[in-house]
Amino acid sequence: MTTKLYWQDPYQKEFHAHIKDVRPSQTPDSVELLLDQTAFYPEGGGQPSDQGNLNQSPVTYVYSEGSFIWHVVKAAEHTFNVGDQVKGVLDWKRRFDHMQQHLGQHILSSVFDNPFEAGTIGFHLGEHNVTIDLDKGPFTQKELIKAERMANAIVFHNRPVQSTLVTDDAYQALDLRKTPDITDEIRLVEIPGNDLCACSGTHPLATGEVGLIKITKSETYKGGCRLTFLCGWRALETFQQIQFQAQQAAAGLSVGWPELTETVDGLINESKHLSKESKDIHQLWSSLQRDQMLSEATVINGVSIVMMCDDRMEYKRLTFLSNSFRETSNCVALLGITNPSPRFVLLNNTLFPALSMQKLLKESIHLIDGKGGGNAVSAQGGGNRSEGLAPMLSEIQAAVISTLTQALSIEN
Ligand SMILES: [Zn+2]
């Protein structure tokens, strides 16, 4: 079996070992090494594996196979041979981060276990997020704040963290928060007076080293809840980012960052009010514009025909104007804008069966090199040739006048 130096001294950053076996790896350009002893923690129990290097070749992954620990090393074949001595150096920043998050998880889990009576059923330590899954919850904001305060009190008390190896029989008699998955080598991790559980991971030797513990998210998960949290350096870096962003946003609004929430709430309300006011103005403008256009319309057989081809109007206004014409009976409205590209709406609010906006669109849309669709009552589309829009609408208008004039002569 491989001697676990990381259990003997979780702060060991360098070590020497002998190679017991070498084998090819499925990881490209890599080999796998079995050592007689190692300070590299293999992935397990929610904690990712350590990284670093062996004789200056990068160690990208470490895993257990029974009681053997294999190191995936980026190196050419024959770089390492059985019997060679190697020097291992850990990526200590990564390892210490894992130790902070892992012990932080023990502390949070112990707090949710007592007094909140929520068991931890999952733990994930990712590159960006650390989560625990609880079998109870979700918890209120007030409960989460209480849990954070209790967890951080354990940190500030700087309690010792003790780990011991016990036999299968010995642990049966203990009241553990978490029981072990394996029974060949049982390791207990204890914060006296706070927590006792079975764990194979790496932890600092005092709770104070965890630093700040901060819950950042709570969500419902599988009948309980999932909490995202940060410890130590991660918590500091995240706070720095949040403060920087809050200060940037506050400076943009010319307020101090403690007033940010109040200021943003005010802006949201103002924006809602302006949005409603803008809608009201657009609607008023649309009905006035419609009435003006109807007063100047060509009227045939009781139907008002209006045409507009505007080179400055925005699409939003075209939408409001066309909606206003949708409510007008005995009317044909041919409305278009050219800027930045031609777009149009054709409306037929008459009872003449021979008049189809879709049919007229199909016949003329080639003039703007465009696409569109609709039905007899309403059609719309857009194109690529702005200069073709006025001729297109004129052609449609001529066809509408012709159809309505013919209908009039048939009626008479
Ligand atoms: Zn642990």
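Since every read-out is calculated from the coordinates, none of them should be taken as a lab result. Only a predicted model underlies this, so the values are computations on that prediction, with no experimental measurement involved. Cβ atoms come from the backbone with ideal geometry, glycine included; neighbour counts cover every protein chain shown.
Given points 7 Å out from each Cα along the Cα-Cβ axis, report the GLN245 to THR79 separation in nanometres with one decimal.
Spacing of the two 7 Å Cα→Cβ label points: 3.9 nm.
Using the Kirkwood radius built from alpha carbon pairs, what does the Stokes-Einstein equation give as D for the stretch 190-246 at 10 °C and 1.306 mPa s, in µm² per second?
Values: Rh = 13.8 Å.
D = 115 µm²/s.
Given N residues in the stretch 3-90, what is its alpha carbon radius of gyration divided by 2.2 N^0.38 Å?
Against the compact-globule rule of thumb, the ratio is 0.97.
Please state the charge dipole magnitude for the chain, taken about the Cα centre, from unit charges on C-beta atoms (+1 on K and R, -1 on D and E), reported in debye and rounded to the nearest 20.
Rounded to the nearest 20 debye, it is 980 debye.
List every DSSP H helix in the chain whose Cα atoms extend 27 Å or more along the helix's own long axis and whose mean Kyte-Doolittle hydropathy is at least 0.5.
Counting only whole DSSP H runs, the qualifying helices are 389-411.
Can you pull out the GluC sites (Glu not before Pro) in the stretch 73-162 that DSSP calls coil and that have at most 13 other Cβ atoms within 10 Å?
GLU77, GLU117, GLU127
In Å, what Kirkwood hydrodynamic radius results for the stretch 117-260 from the alpha-carbon pair distances? Write out the running numbers ahead of the final one.
Numbers: mean 1/r = 0.0572 Å⁻¹.
Radius from the Kirkwood sum: 17.5 Å.
Ordered by packing density, taken as the mean number of other Cβ atoms within 10 Å over each peptide's residues, highest first, how do 271-281, 28-38 rank?
28-38, 271-281
Pop the C-beta distance of LYS359 and VAL264 into the FRET formula with R0 = 51 Å and round what comes out to the nearest 0.05.
That gives a FRET efficiency of 0.50.
If the limit is 26 Å between Cα atoms, which of LYS142/LYS222; LYS20/LYS178; LYS136/LYS217; LYS87/LYS178; LYS4/LYS87 go over it?
Flagged as over cut-off: LYS20/LYS178; LYS87/LYS178.
Just want the ordering: THR350, THR220, from fewest to most Cβ atoms lying within 10 Å of their own Cβ.
Fewest-to-most ranking of THR350, THR220: THR220, THR350.
DSSP loop trypsin sites (Lys or Arg not before Pro) in the stretch 203-240 with at most 11 other Cβ atoms within 10 Å of their Cβ, which ones?
Counting only loop positions with at most 11 other Cβ atoms within 10 Å, the trypsin sites (Lys or Arg not before Pro) in the stretch 203-240 are LYS222.
Most fluctuating residue of GLN358, GLN248, GLN56 in a GNM of the chain with Cα springs under 10 Å: which is it?
GLN358
Counting other beta carbons within 10 Å of each Cβ, put HIS282, HIS106 in order, fewest first.
HIS282, HIS106
Under a 5 Å amide H to amide H cut-off, with H placed in plane at 1.01 Å, what residues pair with PHE123 once short-range neighbours are removed?
Amide H neighbours of PHE123: ASP133.
Name the residue farthest towards the positive end of the dipole of the stretch 278-411 from the options ALA354, ILE401, GLY302, assuming +1 on Cβ of Lys and Arg, -1 on Cβ of Asp and Glu, about the Cα centre.
Of the listed residues, the answer is ALA354.
For the chain, compute Rg over Rh where Rg is the Cα radius of gyration and Rh is the Kirkwood radius from the inverse mean 1/r over Cα pairs.
For the chain, the value is 1.30.
Taking 0.36 nm per residue of separation and subtracting the Cα-Cα distance, what length does fully extending GLN12 through GLU185 add?
60.2 nm
Along the positive direction of the dipole of the chain (beta-carbon charges: Lys, Arg +1; Asp, Glu -1; about the Cα centre), which of SER275, TYR6, ALA249 reaches farthest?
With unit charges placed on the Cβ atoms, the residue in question is SER275.
Taking only DSSP H segments of four or more residues, each worth -39500 (n - 2.57), what value at 222 nm results for the chain once the sum is divided by all its residues, to the nearest 500 deg cm²/dmol?
-12000 deg cm²/dmol
Given springs between every Cα pair under 10 Å in a Gaussian network model of the chain, which of ILE396, ILE213, ILE154 has the largest fluctuation?
Evaluated over the chain, the most mobile residue of the options is ILE396.
Let me know the volume per residue of the alpha-carbon convex hull for the stretch 278-411, in Å³.
Hull volume normalised by residue count: 92 Å³.
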